[in-house]
1. Is it the case that some residue within the range 83-106 is out of contact with any His (no Cβ under 9 Å at 6 or more places or on another chain), in a loop (DSSP other than H, G, I, E, B) and among the small types (Gly, Ala, Ser)?
2. Are any residues in the range 78-127 more than 15 Å from TYR185 (Cβ to Cβ) and of a type in the set (Gly, Ala, Ser), and if so, which ones?
3. Please determine, by comparing only the residues of the range 113-164 that are β-branched (Val, Ile, Thr) and assigned to a helix (DSSP H, G or I), which one is nearest to GLU27 (Cα to Cα).
4. Does the range 143-186 hold any residues that are among the aliphatic types (A, V, I, L, M) and open to solvent by 40 Å² or more (accessible area, probe 1.4 Å), and which are they?
5. Could you look through the range 90-104, keep only residues that are touching a residue at least 60 places away in the same chain (Cβ under 8 Å) and open to solvent by 40 Å² or more (accessible area, probe 1.4 Å), and pick out the one that is farthest from ASN57 (Cα to Cα)?
6. Among the residues of the range 113-135, are any of a type in the set (A, V, I, L, M, F, W, C) and within 16 Å of the chain's Cα centre (by Cα)?
7. Considering only residues that are in contact with a Lys or Arg (Cβ under 8 Å, 6 or more places away or on another chain), open to solvent by less than 10 Å² (accessible area, probe 1.4 Å) and in a strand (DSSP E or B), which ones fall in the range 187-196?
Amino acid sequence: MELKVYNINGSETGRTITLDDSIFAIEPNQHAIYLDCKQYLADNRQGTAKAKERSENAHSTRKLKRQKGTGGARSGDLKSPVFVGGGRIFGPQPRDYRFKLNIKVKRLARRSALSAKVAESAMTIVENFSFDAPKTKDMVKVVNNLNLGDKKSLFVVENQNNFVSLSARNLQRVKVVSVSQLNTYDIVNASNIVLCEGSISEINRVLATK
């Protein structure tokens, strides 16, 4: 499969680049994509939610009323979950939400997500570029030249470029990642993927079928 190569001015360079069909043209495995996205979101959960249970509540343990003869239900102390301010039954406790996912499944998920974007014509190849200084307006100009507008855009560079990353940091709908940071959730979450030309060989190396 071949795609045209553009420059940051949005013009065609007259060149094309051949994408590896085993990475960019496979039948997407939706379940693998689901699992990888689920793991990414689970890894980002803090897991610090906590509610006090009956034994942790700071109330007197005095019995509120006598057991029989009141005409109402029996009651113990104010720590009982049936009273306002009492402990919570089976409340949330701090926990780790992370889970293991095989590396082959993760590679399959990334290949599937990239192939889906190619099939949707939502992938653009641009020449390698960098900025002399971090300037948001320079990144805005690149986004507009590539006709990405208000779309969520994911720029994939070969190596982390601080000036490019800093230039995109204040743009809500633009994210810049290196190949080593590329994950399935970011690919699926973006409306358009912009691959820098130099990143493709690194993607082929990382996601090659093994």
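The values are calculated or read from the model by the stated rules, or taken from the named source; none is laboratory data. Since we're looking at a predicted model, the values are computed, not measured. Heads up, the Cβs are rebuilt from the backbone with ideal geometry, glycines too, and the neighbour counts pull from every protein chain shown. SASA here: full protein model, heavy atoms, side chains in, ligands and nucleic acids out. Shrake-Rupley method; radii C 1.70, N 1.55, O 1.52, S 1.80 Å.
1. yes
2. SER80, GLY85, GLY86, GLY87, GLY91, SER115, ALA119, SER121, ALA122
3. The extreme case among them is VAL118.
4. Residue satisfying the conditions is LEU166 alone.
5. Only one residue tops the list, namely LYS104.
6. So far as the range 113-135 goes, yes, one or more of its residues are of a type in the set (A, V, I, L, M, F, W, C) and within 16 Å of the chain's Cα centre (by Cα).
7. The one that is in contact with a Lys or Arg (Cβ under 8 Å, 6 or more places away or on another chain), open to solvent by less than 10 Å² (accessible area, probe 1.4 Å) and in a strand (DSSP E or B): ILE193.
Per-residue answers, yes or no, for (1) in contact (Cβ under 8 Å) with a residue 40 or more places away in the chain; (2) in contact with an Asp or Glu (Cβ under 9 Å, 6 or more places away or on another chain):
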position	(1), (2)
ALA109	yes, yes
LYS117	yes, no
LYS152	yes, no
GLN160	no, no
